[in-house]
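*Asks:* Below: one structure in structure tokens.
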Amino acid sequence: MEGIIELTLWQVAAAYLFVVIVLLIVKSRGIKKEGEIVLSSVRMTLQLILAGYVLVYVLDNPNPFITAAIIILMEAFAIYTVMAKFKGRLNGKLKKIIALSMGLGAGACLLYLIFAVIGVQPWYDPQYFIPIAGMVIGNSMTGVSLAVKSLLEGMTTRRQIVEEALILGATPREATADIINQTFDSAIMPTINSMLGMGIIFLPGMMTGQILAGVSPTTAIAYQIAIMLGILGAVAVSVILALQMGYRTFFNREEQLV
Amino acid sequence: MEENENSLFELIGVSYLNVLDIPSLTIGRGITTIFGPSGSGKTTILKLLNRMISPSTGQLFFNGTELRQTNPVQHRRKVVMLSQNPVMFDGNIRDNLNAPNTFQKRPLLDESLLFSALETVGLGKDPATPVNLLSGGEKQRLALARVILLQPEVYLLDEPSSALDDASAEAVVETLCLKARKENRPVIMVTHSKTIARKYSDAIITIAGGKSIGQELCSGRDN
């Protein structure tokens, strides 16, 4: 197989036509999103350019400390992103719970993928560790973010129902069981949906990337399956940890709503 | 500390935020009505007794034991409160009557029990009726039936008849009071209606501006 076609600067620039189209659409509809679209496009570009140069260096100089530092940085940034999204709506306890559940959920599943499933040698090989960590951490971030949103909404809109359940002798766990289950469902739904459509409706990014780079499609799908299951695990574990610990923050020690 | 053998609840120096301030109040074992204008703190008292809220200061005793020393969930299962606005769970009448059992992971109630509870509150509907088809008054009756089925040690009723017309309001309150008296279960009831208060209570606590003003004993037992 031939190597991949190198994209020139002008070819990449041509892709920005899509951003222009989106801007025209929102402008004509009067949706005030131009700022956000421009900002996200610019940030995406700069962050990827930076990541590209960092990765060139890291891949050329494999080092356990650098790998570990990058993973911790990714995790910290993911946690920060969730916190920023819910600025002012999270109490201190809930913030700690989000950090803990994302760290534990994504961390444990990532380590299992790297060591038990793929068996990367040496363990810190950045070529494997960094992209896989990115996918696992990124998806667990999306999952926890959806979970927190749905939990906050559920506890607000269904407050009366929760209160009535408490009045009728339910424990906080029983009173919130429906909210927790629905929240879990809505948080893992995107992962489940993408698994349902995978290979038919869309070819996932990592697999596409490997195929583009000349890897045999059968190897690419084996990786994709392992990663997809790892992502499912990481999303489910971090979401359920966040919910199991998170619902308690809405109650005090006397089992009253706060 | 003096313990009154007959007291069900005893409040000593109880305040709640700036809503309620009660230096001393004893609630006996019969049928007690809390009477007073809107916003005077009646519901707050019931919530304190049910432990949905805790006093900011002071002590609250139930059967001689300070409430803080007991398990809140266990307490709420004994001292059950009927909320002022009937809150319905998703589903039909049966689901709602069974809701407390579902929460507490206990076996569901026998159909005959459901029917008898619905009869007590005068709600002649099929248990399979979805609750969103019920009127405000019917929901209130259903909420009351739900509380009756729990067979609580103590009934706390917050305006049990606010969504009903006068005649049926009295009928529901009367049935409930007679039932409670027969089963020897104390009732603490909040109401706007002086007529209902006078007719059925053993004691009337009058409250205004978050302070209990007085307690009078009445002849409700004769009814």
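*Asks:* Which of the residues belonging to the stretch A:148-180 are touching a helix residue (DSSP H, G or I) at 6+ places or on another chain (Cβ under 7 Å) and more than 14 Å from chain B (Cβ to nearest Cβ)?
*Replies:* Passing the criteria: A:Val148, A:Ser150, A:Leu151, A:Met155.
*Asks:* Next question. Identify, please: which residue in the stretch A:35-84 is among the acidic types (Asp, Glu) and more than 15 Å from the chain's Cα centre (by Cα) and is, among those, nearest to A:Leu110 (Cα to Cα)?
*Replies:* So, considering only residues that are among the acidic types (Asp, Glu) and more than 15 Å from the chain's Cα centre (by Cα), the one nearest to A:Leu110 (Cα to Cα) is A:Asp60.
*Asks:* Is it fair to say A:Leu59 is among the aliphatic types (A, V, I, L, M), more than 30 Å from A:Leu243 (Cα to Cα) and not in a loop (DSSP other than H, G, I, E, B)?
*Replies:* So A:Leu59 passes the test.
*Asks:* Shifting gears a bit: Restricting attention to the stretch A:161-177, which residues are of a type in the set (Asp, Glu) and either surrounded by 21 or more Cβ atoms within 10 Å (Cβ to Cβ) or in contact (Cβ under 8 Å) with a residue 24 or more places away in the chain (or both)?
*Replies:* Hits for the stretch A:161-177 are A:Glu163, A:Glu164.
Matching residues to (1) of a type in the set (A, V, I, L, M); (2) surrounded by fewer than 18 Cβ atoms within 10 Å (Cβ to Cβ); (3) touching a Pro at 6+ places or on another chain (Cβ under 6 Å):
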residue	(1), (2), (3)
B:Val19	yes, yes, no
B:Thr33	no, no, no
B:Ser40	no, no, no
B:Thr43	no, no, no
B:Met52	yes, no, no
B:Asn63	no, yes, no
B:Val73	yes, no, no
B:Arg76	no, no, no
B:Val80	yes, no, yes
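*Asks:* Inspect all residues belonging to the stretch A:1-15 and state whether any of them is surrounded by 12 or more Cβ atoms within 10 Å (Cβ to Cβ) and hydroxyl-bearing (Ser, Thr, Tyr).
*Replies:* Checked the stretch A:1-15: no residue is surrounded by 12 or more Cβ atoms within 10 Å (Cβ to Cβ) and hydroxyl-bearing (Ser, Thr, Tyr).
*Asks:* For the stretch A:104-129, give me each residue that is surrounded by fewer than 21 Cβ atoms within 10 Å (Cβ to Cβ) and either within 16 Å of the chain's Cα centre (by Cα) or not in a helix (DSSP H, G or I) (or both).
*Replies:* The answer is A:Leu104, A:Gly107, A:Ala108, A:Gly119, A:Val120, A:Gln121, A:Pro122, A:Trp123, A:Tyr124, A:Asp125.
*Asks:* Would you be able to tell me the number of residues in the stretch B:139-164 that are within 13 Å of chain A (Cβ to nearest Cβ) and either of a type in the set (D, E, K, R) or touching an Asp or Glu at 6+ places or on another chain (Cβ under 7 Å) (or both)?
*Replies:* Qualifying residue count, the stretch B:139-164: 4.
*Asks:* Follow-up question, since we're still on this one. Condition test on A:Thr183, is it within 14 Å of chain B (Cβ to nearest Cβ), buried (at least 21 other Cβ atoms within 10 Å of the Cβ) and not hydrophobic (A, V, I, L, M, F, W, C)?
*Replies:* Considered against the rule, which asks whether it is within 14 Å of chain B (Cβ to nearest Cβ), buried (at least 21 other Cβ atoms within 10 Å of the Cβ) and not hydrophobic (A, V, I, L, M, F, W, C), A:Thr183 comes out as no.
*Asks:* Of all residues in the stretch A:4-40 being part of a helix (DSSP H, G or I) and among the aromatic types (Phe, Trp, Tyr), which is modelled with the lowest pLDDT?
*Replies:* Checked the stretch A:4-40; the qualifying residue modelled with the lowest pLDDT is A:Trp10.
*Asks:* How many of the residues in the stretch A:187-223 are surrounded by 14 or more Cβ atoms within 10 Å (Cβ to Cβ) and under 19 Å from A:Thr142 (Cα atoms)?
*Replies:* The total comes to 9.
*Asks:* Next up: Would the stretch A:198-207 turn up any residue that is without any contact (Cβ under 8 Å) to a residue 60 or more places away in the chain and within 14 Å of chain B (Cβ to nearest Cβ)?
*Replies:* no
*Asks:* Which one of A:Met228, A:Met155, A:Met206, A:Met189 is farther than 23 Å from A:Phe77 by Cα, part of a helix (DSSP H, G or I) and within 19 Å of the chain's Cα centre (by Cα)?
*Replies:* A:Met189
*Asks:* If you don't mind, there's one more thing I want to ask. Based on this model, can you work out whether B:Leu133 counts as among the aliphatic types (A, V, I, L, M) and closer than 20 Å to A:Val162 by Cα?
*Replies:* Against the criterion (among the aliphatic types (A, V, I, L, M) and closer than 20 Å to A:Val162 by Cα), B:Leu133 does not qualify.
*Asks:* In this structure, does B:Val131 turn out to be more than 18 Å from the chain's Cα centre (by Cα) and either farther than 22 Å from A:Arg159 by Cα or in contact (Cβ under 8 Å) with a residue 40 or more places away in the chain (or both)?
*Replies:* Judged against the criteria, B:Val131 is a match.
*Asks:* Return yes or no: is A:Ile49 β-branched (Val, Ile, Thr), assigned to a helix (DSSP H, G or I) and either under 29 Å from A:Ala213 (Cα atoms) or in contact with a Phe, Trp or Tyr (Cβ under 9 Å, 6 or more places away or on another chain) (or both)?
*Replies:* Considered against the rule, which asks whether it is β-branched (Val, Ile, Thr), assigned to a helix (DSSP H, G or I) and either under 29 Å from A:Ala213 (Cα atoms) or in contact with a Phe, Trp or Tyr (Cβ under 9 Å, 6 or more places away or on another chain) (or both), A:Ile49 comes out as yes.
*Asks:* Here is a list of conditions, (1) of a type in the set (Lys, Arg); (2) surrounded by fewer than 19 Cβ atoms within 10 Å (Cβ to Cβ); (3) modelled with pLDDT under 95, and B:Arg94 meets all of them except one; can you say which number that is?
*Replies:* For B:Arg94, the exception is condition (3).
The values are calculated or read from the model by the stated rules, or taken from the named source; none is laboratory data. Small disclaimer: the values here were computed from a predicted structure and weren't measured. Here the Cβ is made from the backbone with ideal geometry for all residues, glycine too, and neighbour counts use every protein chain on show.
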